[in-house]
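Okay, so here's the structure we're looking at.
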Amino acid sequence: MKVALFVPCYIDQFYPQVAIATLQLLRKLEITVDFPREQTCCGQPIANAGYEHYTAATVRNFCESFSGYDYIVGPSGSCVFHVKHHFHGEANKAGIEQIQKNIYELSEFLTDVLKVEKIDAQFPEKVGLHQSCHGLRGLRLGNSSEQVVAQYSKTRRLLEMVEGLQLVDLDRPDECCGFGGTFAVSQAAMSTRIGEDRIADHQRNGAAVITATDMSCLMHLDGLLRRQKSNIRVMHFAEILNGATS
Amino acid sequence: MNHSQSSEKFLRDKQRTGWHDASLWFVREKRDAVAKAVPEWETLRTLASEIKQQVLSDLDQYLISFEKNAQKNGVHVHWARDGKTHNEIVFNILQKHHARSLVKSKSMLTEECGLNEFLLANDIEVIDTDLGERIVQLAEEPPSHIVMPAIHKKKAEIGELFHQTIGTEKGNSDPAYLTEAARQHLREKFLRAEAALTGVNFAIAETGGVVVCTNEGNADMGVHLAPLQIHSMGIEKILPRAEHLGIFLRLLARSATGQLLTTYTSHYHRPKPGGEMHIIIVDNGRSEQLGQEKFRQSLCCIRCGACMNTCPVYRRSGGHSYGSVIPGPIGSILTPGMPIGGHPDLPFASTLCGSCNDVCPVKIDIHQQLYHWRQHSEIRQAAAPGKKRLMQFAAWLFSHPQAYRLAGKTARLFLRMLPRKAIYHRWNHWGLSRELPVAPRESFREWYDKNEGKK
Ligand code: SF4
């Protein structure tokens with residue numbers, strides 16, 4: 001099984017510990033992981049801002065970096081969603097389709113491909129799971145609260161395998177955090193307010209740590225938390241599964 | 001103004017924002033509860049979506065048979081290319097009957113056409129009879145929500161408005177008292193009205209009849225009292241057969257307000273004895289939207305308003321912040337393609353959270369359409385003028401791995417070295433309310449090269 005690690009640009013630059021945790025976690029599960037060095041970004045920030053037509057070369061670079069792997073695994077629902085659902089182009093149709101078939105968000109890969117039933121980690125904390133929207137509603141990592149279907153959450157199930165970890169119930173189980181990519185700056189006031197409300201929900205329900213499948217949501221929430229000088233911390237779920245100590 | 005600016009204004013009143021958000025979330029939760037009591041909910045949504053899409057693909061045929069069947073029932077059918085034509089048709093009908101007063105029950109289409117202003121300018125009295133609609137009419141404001149037009153108003157504000165406009169007692173904002181006062185005030189209007197106009201929720205091709213859903217019975221009251229009845233509908237309101245109502249009525253009321261069914265579901269098929277019945281079928285940009293493959297599905301909308309109630313942005317910015325007749329997620333994908341006005345940046349008034357897709361009873365792909373509209377040059381320009389260069393640069397950077405690595409390293413270095421003041425200033429919109437991430441010395445790639453011994 002040839003597996004490539006996809007490290008979204010902002011994780012590469014600002015949250016290396018998340019990529020390290022992903023890498024180590026996969027290795028613990030006896031997976032050999034490659035890190036294709038020429039990868040950069042999937043182009044989502046550009047495309048969501050309305051400049052998708054500028055991203056052809058970025059898409060090409062992505063496809064070249066990740067071709068020839070059986071699986072591509074990334075610790076970000078949002079970036080994986082973008083690759084899976086927005087990449088297109090006549091020039092490299094077959095290559096793109098191959099990548100779209102092979103790419104997985106981490107909790108999806110652990111659940112559906114590796115069929116993980118046991119995680120060797122401890123984390124004795126009260127944790128709030130922020131269900132990042134693109135992973136939740138785009139990749140269907142879990143059911144959304146709008147849907148009338150059987151309840152499931154791949155991410156939650158994995159977190160429940162961690163010893164001592166106590167998930168808190170939120171008033172609004174899957175409200176957006178307000179990050180929204182460039183929305184965070186083009187509608188800064190709105191983004192802030194949605195984020196503050198999200199934090200208040202976690203706080204009200206006693207979370208000491210907020211975790212998510214997406215570091216981008218957490219970057220936004222963490223920015224607000226630190227400005228508020230709050231005691232609540234954020235941590236990517238890969239770090240928790242990899243046995244981060246609280 | 002764009003949505004970003006108008007929502008910022010709304011957000012300044014923190015307490016009101018919280019109140020507005022909570023009021024709409026309450027409706028969303030009511031919807032959840034009743035939807036979850038229907039085990040076949042997702043099947044209903046799929047059926048509804050498929051029926052609507054099938055209607056759109058054969059719309060011309062359905063409209064023709066609808067017209068034929070309505071005419072067989074003795075109904076006058078009119079066709080209006082745009083809002084202006086619609087208004088003139090209404091005016092001509094009224095003139096023919098020497099009618100000077102019209103009672104209306106809720107119709108977003110007539111808002112879209114600007115009917116009220118047009119008729120008032122022509123000396124016709126127009127009274128909106130839905131309580132919420134009447135409130136915004138008295139306040140001289142547009143509706144802020146398509147199902148709950150006055151949801152942005154607090155009780156006390158309505159009390160004060162009624163005191164000033166219909167003479168209720170000052171300071172009394174007891175809902176029962178105000179509702180009763182409105183009822184009395186409207187009753188007198190109903191009794192005097194010479195014509196009644198309603199919107200249409202569903203038009204049945206097979207029978208030529210129209211269906212109107214209300215909670216106050218005001219459509220019936222108007223239609224039954226006035227000798228002349230007019231129903232205005234968009235071309236997309238068609239359902240093939242009456243039996244399809246079994247799906248749509250269940251979805252509509254539950255999605256809209258969390259009711260099992262609206263209190264009144266009125267079916268109008270033919271004029272009452274001695275009366276006259278007209279149906280006006282309006283296009284106003286819809287055929288154009290129908291011709292655009294990526295945006296066609298927006299015409300499946302049954303105007304339940306659920307996407308507004310669920311939208312984290314709508315709940316915290318209010319309907320007026322969109323500047324459009326139809327606000328919220330569905331408004332943001334209808335407005336750019338139709339002549340209904342609205343802020344130019346609406347497709348950007350969203351975090352792309354996708355909750356609208358999942359709540360929509362007819363499964364419109366709102367989230368994807370927002371993304372597609374963003375790719376239009378005027379729209380992205382309106383949302384963030386001057387971003388083009390930056391995006392060009394980013395695109396270049398992301399396709400040149402070496403340059404990307406260098407830029408990342410430099411940016412992190414700057415973030416670590418620069419004094420706080422040089423980073424946090426008013427042009428840094430991120431930093432107005434948030435800390436930036438702490439820039440690490442090593443990127444993942446640098447760590448990997450060092451520890452995995454590769455170059
Ligand atoms: S788009 Fe869907 S959810 Fe929104 S108003 Fe229309 S039918 Fe309702």
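The values are calculated or read from the model by the stated rules, or taken from the named source; none is laboratory data. All values derive from a computational prediction rather than experimental measurement. When we count neighbours, we look across all protein chains shown, and the Cβ atoms used for this are built from the backbone with ideal geometry, even at glycine. To get the accessible areas, we keep the full protein, side chains included, count just its heavy atoms, and leave off ligands, DNA and RNA. Shrake-Rupley method; radii C 1.70, N 1.55, O 1.52, S 1.80 Å.
Taking only DSSP H segments of four or more residues, each worth -39500 (n - 2.57), what value at 222 nm results for chain B once the sum is divided by all its residues, to the nearest 500 deg cm²/dmol? All intermediate terms of the calculation are to be shown ahead of the outcome.
Values: 22 runs with 227 residues, N = 455.
Here the helix-only value at 222 nm equals -15000 deg cm²/dmol.
Could you estimate the translational diffusion coefficient of segment B:39-127 from the Stokes-Einstein equation, with Rh from the Kirkwood formula over C-alpha pairs, at 37 °C and 0.692 mPa s, in whole µm²/s?
Details: Rh = 15.8 Å.
The diffusion coefficient I find is 208 µm²/s.
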Checklist line | Accessible-area composition of the protein assembly as shown, carbon plus sulfur, in percent [1.4 Å probe] | finding: 53
Checklist line | Convex hull (Cα only) mean projected area of segment A:126-241, reported in nm² to one decimal | finding: 7.0
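Find the Cα radius of gyration of segment A:3-113, compare it with 2.2 N^0.38 Å by division, and give the number to two decimals.
Working: Rg = 13.3 Å, N = 111, 2.2 N^0.38 = 13.2 Å.
Compactness ratio reported: 1.01.
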Check: Which of the chymotrypsin sites (Phe, Trp or Tyr not before Pro) found in segment B:405-438 are in a DSSP loop and have at most 11 neighbouring Cβ atoms, other than their own, within 10 Å?
Finding: B:W427
Notebook entry, point to check: For chain A, what size does the Cα cloud have along each of its three principal axes, sorted from largest down, in whole Å?
Noted result: 51, 43, 38
Notebook entry, point to check: Cα extents of chain B along the three principal axes, largest first, in whole Å?
Noted result: 91, 55, 44
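Take every residue in peptide B:306-313, count the Cβ atoms of other chains within 10 Å of its Cβ, and give the average of those counts. Show your work: numbers first, answer last.
Numbers: counts 1, 0, 0, 0, 5, 1, 13, 9.
Rounded to a whole number, the mean comes out at 4.
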Check: Once segment B:304-381 is represented by equal point scatterers at the alpha-carbon sites, with solvent omitted, what log10 I(q)/I(0) does the Debye formula produce at q = 0.13, 0.21, 0.24 Å⁻¹?
Finding: -0.31, -0.86, -1.13
Note to self: With 23 Å as the cut-off, how large is the P(r) tail for segment B:184-298, expressed as percent of Cα-Cα pairs?
What the structure shows: 38
Next item on the list: Can you tell me which of B:364-371, A:229-236, B:338-345 comes out highest on packing, and rank the rest after it, using the mean Cβ neighbours within 10 Å?
Entry: B:364-371, B:338-345, A:229-236
Note to self: How big is the dipole moment of the protein assembly as shown about its Cα centre under a simple scheme where the beta carbon of each Lys and Arg is +1, that of each Asp and Glu is -1, and everything else is neutral? Debye, nearest 20, please.
What the structure shows: 1580
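Taking a ≥ b ≥ c as the square roots of the Cα gyration tensor eigenvalues, with a/c under 1.5 meaning rounded and otherwise prolate when a/b beats b/c, else oblate, which class fits the protein assembly as shown? Intermediate results must be reported in sequence, preceding the final value.
Numbers: a/c = 2.17, a/b = 1.92, b/c = 1.13.
Prolate is the answer for the protein assembly as shown, as a/c is 1.5 or above and a/b outweighs b/c.
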Margin query: For peptide A:196-209, what's the mean number of Cβ atoms from other chains within 10 Å of each residue's Cβ?
Written below: 1
Notebook entry, point to check: Using the Karplus equation 6.51 cos²θ - 1.76 cosθ + 1.60 (θ = phi - 60°), what ³J(HN,Hα) coupling, rounded to whole Hz, does each residue of segment B:444-450 give in order, writing x for Gly and Pro?
Noted result: 4, 4, 5, 4, 5, 4, 5
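Relative contact order for chain B: what percent, with Cα pairs under 8 Å and sequence separation of 6 or more? Intermediate results must be reported in sequence, preceding the final value.
On the way: 728 pairs, mean separation 91.9, N = 455.
The normalised contact order for chain B reaches 20 percent.
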Next item on the list: Compute the accessible area per residue over the protein assembly as shown, keeping the other protein chains in place, probe 1.4 Å, unit Å².
Entry: 40
Checklist line | Alpha carbon Rg of segment B:333-372, scaled by the compact-globule rule 2.2 N^0.38 Å | finding: 1.17
Check: To the nearest 100 Å², how much accessible surface do chains B and A cover up together, summed over both, with a 1.4 Å probe?
Finding: 6700
Item checked: At 1.002 mPa s and 20 °C, Stokes diffusion of segment B:391-451 via Kirkwood alpha-carbon radius, µm² per second -> 162
Note to self: I need the semi-axes of the equivalent ellipsoid of segment B:31-190: take the C-alpha gyration tensor, multiply each eigenvalue by 5, square-root it, list largest first in whole angstrom.
What the structure shows: 33, 27, 13
Item checked: Gaussian network model of chain A, Cα within-10 Å springs - most flexible of A:G178, A:G138, A:G50 -> A:G50
Margin query: I need the Kirkwood Rh of segment B:123-245: take the reciprocal of the average 1/r across all distinct C-alpha pairs and report it in angstrom.
Written below: 15.9
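Across segment B:240-379, how large is the tail of the calculated P(r) beyond 19 Å, expressed as a percent of all Cα pairs? Walk me through the numbers before you get to the answer.
Working: 5500 of 9730 pairs.
Every Cα pair in segment B:240-379 considered, those over 19 Å come to 57 percent.
Shielding of A:15-23 by partners, i.e. mean partner chain Cβ atoms within 10 Å per residue?
On the way: counts 5, 9, 3, 1, 5, 4, 0, 1, 5.
Mean shielding count: 4.
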Notebook entry, point to check: By average Cβ neighbour count within 10 Å, what is the ranking of B:77-85, B:14-22, A:35-43, B:196-204 from highest down?
Noted result: B:196-204, A:35-43, B:77-85, B:14-22
